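One structure is given here, and the rest of the page talks about it.
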Amino acid sequence: MAVKPECIAMLLAGGQGSRLGILTKNIAKPAVPYGGKYRIIDFPLSNCVNSGIYTVGVLTQYQPLELNDYIGNGQPWDLDRANGGVHILSPYQQIKGTEWYKGTANAIYQNINFIERYDPEYVLILSGDHIYKMDYAKMLDYHKEKNADCTIAMLEVPWEEASRFGLMIVNDDGSISEFEEKPKNPRSNKASMGVYIFNWKKLRQYLIEDEAKEGSGNDFGHDVIPAMHNDGQRMFAYQFDGYWKDVGTINSLWDANLDLLNPKVDLDLNDDSWRIYSRSPAAPPHYIGENAKVENSMVTEGCEIGGNIDFSVLFANVTVEEGAEVKYSIVMPGTVIKKGAVVQYSIVAENAVIEEGAVVGESPENMANVEDWGVAVIGNGVTIGKGAKVEPQAMIDSDIGGAE
Amino acid sequence: MAANNVLGIIFSNANDEVIPELTALRTMGSIPFAGRYRLIDFPLSNMVNAGISKVGVITKSNYRSLMDHIGSGKAWDLSRKREGMTILPPYNLPGTGMIKGKADALYNSINYIEKSGKDHVLLTDCNVICNMDYEALYKAHVANDADVTVAYAKGIPPRMEANTEIIMDENSRVTDTKILDCYSSDVNYSLKVMIIRRTLLERLLHEAHSSKIDDFETIICNNVKHIRIYGYEVTGFIKVIGSLQSYYDISLELLKLENRKELFTADRPVYTKVRDEVPAFYGIGASVKNSLIADGCRIEGEVENSILFRGVTVAKGAKIKNSIVMQGSFIGENSTLDCVIIDKAAVLKPNKMLCGASNYPVYIGKGIVI
């Protein structure tokens, strides 16, 4: 090993993201497209390289094909390196048998040998589920300054939402006095972001102990961190200010995309000093036609726009024919929206076809009962027939014939 | 792949003199084109798409922007241990001085050509905009057992110096060539893309060197009777950039869907350096018609019949018509542009107006602030 890295990152990317329904039928949640040309995993990966962390293990388990293919040799993130770089770590057969990753901690436990090869001082644990820009180097400085064994990134969430998160009660010096997992009556609004830095030697010891423990869920949040806390290890919270979003549900994925159109939202993807890198297709600039109208939207390479686009995010190679309308929607790569079709308050996945005159989704204002409203979702490669109608909240997984 | 027995050679500086405005600071090959490309992307991608895996890029002067753009060749999958892309900078052999013509430039790289071990060499300039199937060109070359195969197009040739018309028999064998002086009728004109047998190329280069002939085309034309030269017709969207005016006209022709479809095909993509720009953002009140817009643009004004490169800002109330605005330029509030070519990173402050004519576009240089 040429240069021993001080800190390596382990990115947990095995989750299914079951609340994203048909969007994660064939891909893992970190591979879900976001923001016109990214996938969720671009954010933690880009944060790593921008923070100077060049050794990243990506732990995959659920539907890894597309994710593995996307990460490839790591070239888009400058992670194709002779020393370090990105490594896909899948569960593997061992002499004592075959095991899936049972929990987040077990996934790291099964890759102790990988980490030992680099013999780092610190290990950064990340999840591939969140949209945020964060300098992990600053967090590492804080970790060292506090002489901590474990530092957990936290952010203050609105009190009314606090009960959905794992919360921490933090002392004035930043040390953590108590943990509360999704409590009914929260006593704190400081939520864990699922970003941890551990002293590797200490973590290693706790992973081995946790594995030996009967009945442990082998999870960081439920098992390993409480065990460390009970033993009086030095646990600190690192406060993060800035945009952070868990895109775990259809609505939050839709929101997080539309956040990009809101100038008040603090997520600048055009920041030269903190680029978000992605693997992009080779496509020419997009074309806006003679009769098109595009406002308050994001459009990327390869799109051919003839219709009206408003408050929407369009991914690469999307075609919107003349007279079609796309409003408050997310349209993923390669989808075609034909003449006179209307796509509103929807997420349309990759390579779908919305035939002429079809209507997908509905505005909440037009609902008799707002409770029934929700974002409509069209799955990968699905065709919605001529003049067909897709109700709000619907999840369409297979072709729908025409209305005639 | 079929064309794996071909060495690719690109002349990045050939014809620099025809667009002095755009080549003042760069090579012909690094002239920005079509919103996110440089001219060299077209021949380079054509080569890679044909399976050519060893490419030499001949440079002469002002090639920093070119090197910045092509780097190690990664974007074209040409950064390799075996073969891959090599930049061939000028090389002063004792007593030769600065390289002059193409023959001289090739002679300078004769070791590289010899060592390639390939049986054929494909030579091309950068100012031909075409998604050309080099594999088909190579197959025709082999099928004819040709020494040289020259790609040509049929039509009214571009106005340029030293345009060559090729005259063929019924089997496409070239029987004669002549320098064009007429630009009004349809002829078969050379696209300056040719495949030549490597050993023949080496022999011709040694001869040219000893007889002090610079112009490579002349050497080929002089030998038309002695070597088997064939023509290969290329159809579809083929444009030769021969002046600032033709740069402007050809650029705007890409606003037509049928032209884009021919130049940007899914099975033979055009690769370029990736810049990781965010998708283009359209503000409230933006109005864009019949235009090509690259990533990283922020548009709050009006854009019509124009091409915006990556990272261009169009402020509120600004109007851009019939214009080409290159990477990173800024068009201030209530400013107006009509028939203008703006080079990279220029700034037009608020309330300014610049107008050219469609047959005389105004050119604003790199980094200029108005």
- Note on the structure: Turns out the strands (runs of 3 or more DSSP E) fully within the stretch B:1-117 with at least 3 residues that are hydrophobic (A, V, I, L, M, F, W, C) and surrounded by 22 or more Cβ atoms within 10 Å (Cβ to Cβ) are B:6-11, B:54-58
- Task: Give the number of residues within the stretch A:254-270 that are of a type in the set (D, E, K, R), more than 9 Å from chain B (Cβ to nearest Cβ) and in a loop (DSSP other than H, G, I, E, B).
- Result: 2
- Message: Among the residues of the stretch A:231-253, are any β-branched (Val, Ile, Thr), in a loop (DSSP other than H, G, I, E, B) and in contact with a helix residue (DSSP H, G or I) (Cβ under 6 Å, 6 or more places away or on another chain)?
- Response: yes
- Does any residue in the stretch B:18-38 that is free of Cβ contacts under 8 Å to residues at least 40 places away in the same chain and away from every other protein chain (no Cβ under 14 Å) come within less than 8 Å, Cβ to Cβ, of a residue that is in a loop (DSSP other than H, G, I, E, B) and open to solvent by less than 10 Å² (accessible area, probe 1.4 Å) six or more places away or on a different chain, and which pairs are these? B:THR23/B:ILE31; B:SER30/B:SER12; B:SER30/B:LEU39; B:SER30/B:ILE40
- Note on the structure: Scanning the stretch B:289-308 residue by residue, those of a type in the set (Val, Ile, Thr) and over 28 Å from the mean Cα position of the chain (by Cα) turn out to be B:ILE299
- Message: Restricting to the stretch B:5-31, and then to whatever is over 12 Å from the mean Cα position of the chain (by Cα) and among the small types (Gly, Ala, Ser), can you tell me which residue is modelled with the highest pLDDT?
- Response: B:GLY8
- Item | Residues of the stretch A:132-170 satisfying the condition of being part of a loop (DSSP other than H, G, I, E, B) and either modelled with pLDDT under 95 or under 24 Å from the mean Cα position of the chain (by Cα) (or both) | A:LYS133, A:MET134, A:ASP135, A:VAL157, A:PRO158, A:PHE165
- Task: Could you please find all residues in the stretch B:301-317 being assigned to a loop (DSSP other than H, G, I, E, B) and buried (at least 20 other Cβ atoms within 10 Å of the Cβ)?
- Result: B:GLY301, B:SER306, B:PHE309, B:ARG310, B:GLY311, B:VAL312
- Message: Can you say whether B:GLU233 is modelled with pLDDT of 95 or more and exposed (fewer than 15 other Cβ atoms within 10 Å of the Cβ), as far as the supplied structure shows?
- Response: yes
- Residues of the stretch B:201-218 being open to solvent by 10 Å² or more (accessible area, probe 1.4 Å) and not basic (Lys, Arg), which ones? B:GLU202, B:HIS206, B:GLU207, B:HIS209, B:SER210, B:SER211, B:ILE213, B:ASP214, B:ASP215, B:GLU217, B:THR218
- Task: Select from the stretch A:72-115 the residues that are part of a helix (DSSP H, G or I) and in contact with a Phe, Trp or Tyr (Cβ under 7 Å, 6 or more places away or on another chain) and write down the one among them that is nearest to B:ARG80 (Cα to Cα).
- Result: A:PRO76
- Given (1) under 24 Å from B:GLU277 (Cβ atoms); (2) open to solvent by 10 Å² or more (accessible area, probe 1.4 Å), index of the condition A:VAL353 fails: (1)
- Within the stretch A:306-317, residues of a type in the set (Phe, Trp, Tyr) and either on the phi > 0 side of the Ramachandran plot or surrounded by fewer than 19 Cβ atoms within 10 Å (Cβ to Cβ) (or both) come out as A:PHE311
- Examine the stretch A:41-63 for a residue that is among the small types (Gly, Ala, Ser), open to solvent by less than 30 Å² (accessible area, probe 1.4 Å), within 14 Å of another protein chain (Cβ to nearest Cβ) and touching a Ser or Thr at 6+ places or on another chain (Cβ under 7 Å), and state whether such a residue exists. no
- Message: Quick check on my filter: what residues within the stretch B:276-300 are outside any loop (DSSP other than H, G, I, E, B) and either open to solvent by 10 Å² or more (accessible area, probe 1.4 Å) or more than 7 Å from chain A (Cβ to nearest Cβ) (or both)?
- Response: B:PHE281, B:SER287, B:LYS289, B:ARG298, B:ILE299
- Message: Against the condition more than 22 Å from B:ASP104 (Cβ to Cβ), modelled with pLDDT of 90 or more, surrounded by 17 or more Cβ atoms within 10 Å (Cβ to Cβ) and touching a helix residue (DSSP H, G or I) at 6+ places or on another chain (Cβ under 7 Å), how does B:ALA140 come out, does it pass?
- Response: no
- Note on the structure: Within the stretch A:318-330, residues being open to solvent by 10 Å² or more (accessible area, probe 1.4 Å) and either within 18 Å of A:ASN270 (Cβ to Cβ) or within 22 Å of the chain's Cα centre (by Cα) (or both) number 1
- Message: Against the definition (under 21 Å from A:ARG39 (Cβ atoms) and open to solvent by 60 Å² or more (accessible area, probe 1.4 Å)), how does A:ASP69 come out, yes or no?
- Response: yes
- Listing of helices (runs of 4 or more DSSP H) fully contained in the stretch B:191-275 that carry 3 or more residues being within 14 Å of chain A (Cβ to nearest Cβ) and within 28 Å of B:PRO32 (Cβ to Cβ): B:244-253, B:257-263
- If we keep just the residues of the stretch A:293-305 that are surrounded by 20 or more Cβ atoms within 10 Å (Cβ to Cβ) and more than 7 Å from chain B (Cβ to nearest Cβ), which is farthest from B:TYR271 (Cα to Cα)? A:ILE305
- Item | Top-ranked residue of the stretch A:100-141 - restricted to ones that are open to solvent by 30 Å² or more (accessible area, probe 1.4 Å) and among the hydrophobic types (A, V, I, L, M, F, W, C), ranked as farthest from A:GLY52 (Cα to Cα) | A:TRP100
- Message: Take the residues in the stretch A:274-291 that are surrounded by fewer than 22 Cβ atoms within 10 Å (Cβ to Cβ) and more than 26 Å from A:LEU67 (Cα to Cα); name whichever of them is nearest to the other protein chains (Cβ to nearest Cβ).
- Response: A:GLU290
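The values are calculated or read from the model by the stated rules, or taken from the named source; none is laboratory data. Being a predicted model, the structure only gives us computed values, none of them experimental. Note that each Cβ is placed from the backbone with ideal geometry, even for glycine, and that neighbours are counted across all protein chains shown. Ligands, DNA and RNA are stripped out before the accessible areas are found, and what is left, the full protein with its side chains, is counted by its heavy atoms. Shrake-Rupley method; radii C 1.70, N 1.55, O 1.52, S 1.80 Å.
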